[in-house]
Every structure is written in C-alpha cells, then in structure tokens.
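Bear in mind these aren't lab numbers, they're just calculated from the coordinates by the rules spelled out. What you see is a predicted model, and the numbers here were worked out from it, not measured in a lab.
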Amino acid sequence: MNADKLISDGIVTLKPSDKCSFALLVMKEQGESVLPVVNDKEYLGLLSESDILDRGDMEASVDSFDFIQSKPFIEENKHLYEIIRTFSTLKITLLPVLDEEQHYLGAIRNTDLLNRISEIFAIDNPGGIIVFEVNENDYTLAEIAQIVESNDAKILNLFITSLPEVGKIEVTLKINKIDIAPVLQTFSRYDYNIKASFSEDTYNEGLQERFDSFMKYLNV
C-alpha cells in the first residue's frame, strides 16, 4: 500500500498570506497542532501551533516563518513501511504527500495511519498471538504455515524482527484461533523456542507490544 492511498480526509492547508491568528483558529477547529502551508500546488512546509505561540505575533503572516527545517514529506509511491519509518524517525503527527513533480497531494495523519495498520495487522480480529525465536538459517515461512494449518488454523498476520547479535529471528504470529494450546504444542515439537503467547483476554495488549517493537525495528 502506497502513500497516495493513505491520504487523510479533511486536512486544511494554510496559504502563505494567512495571518497567525487565522492559522491558530483553523488548527483549533480541525483539532490539529500542525498544518501544511501550500502556495497553489507548491508545498512550503509545516507550521505548528508551538511555532506561532513562540513567535507571539498574531498579526504576522505565515510566510514570515522559516520552513527550511520543517519540510517533511513523502512521495506518493512510497510503501507503507517507508511511511511508518518516516513517522517514527521524524516524530511528527502529519506527513504531507507529494507527487513526482513535488506538487502537494494531501497529508497523512499518524492516527489514521495507525488505524490502517491496525486493520492490516488484524488487531480487532478474534484470535491468538504466538511469539517465538528461530535460528536465521532455520526460518521457513512454509513450515510455519504448515504447522498452523495442521491445527485447523489460519495465519492472520506475521512479522519478524531480526536479532543479528544472536543469529536469530523473532517471529510474531497472529492466528484465527483463540485456543492456541494445540498450535503451541506443535511448534514446541518442531523445536521452536516459544517466548510468549496471548489468548483472547490478552492478545490486544500483546500485539500492541509487538507492534511497538516492529516500529522500533523499522527505525533501525
């Protein structure tokens, strides 16, 4: 999934000629702490509420700010993983999207991105989570899928974290079964090192922890 498919609805842009007082009003109405500044189709940068309050001049125009250090963006054809990496690296709440000619297309809210990731990772789907380690040379997706399916279950999502210091891979696996005991037993028989498992009562919390690890991994 690319950036142009993840553009959020309803994000208002500011013009260079807008006053700071107007910009603050729009931010309050939109529930945003930062907004893109766009001149026709040219993206100039992000203006934040803190920028305006630090300046303290409500009559100053938006174009009086220096946007050189505040011009994050991502190109429309960048993949979801690169979008996550950019959000994680820059610690921003809004990421403008530009086309190949560097024209402003819209922006992605971090909250909308997280909601989309939640759908992709099937966080709201009933099921269980299994976290295990395997040697890098022994990792095979086909075998993992065979173990799960042999217990009449299906993989809802899977992601891995490399552990190069120990030559292993950590796998976080979500399946569509709440009773995961039979699957755990099968993985153990195949000598997989089970690190953690989460059933219906705990899987949302557990997946969030693994998702946080995934975000850190993308930022390496």
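Lysine pairs in the chain whose alpha-carbon atoms fall under 16 angstrom of each other, counting only those eight or more residues apart or on distinct chains, come to 11. Size estimate for the chain follows the Kirkwood approach: the inverse of mean 1/r over distinct Cα pairs works out to 19.9 Å. The Cα center of segment 69-88 and the Cα center of segment 10-40 differ in position by 21 Å. Stretching the chain fully between N2 and L53 yields a gain of 14.9 nm (0.36 nm per residue, less the alpha carbon separation).
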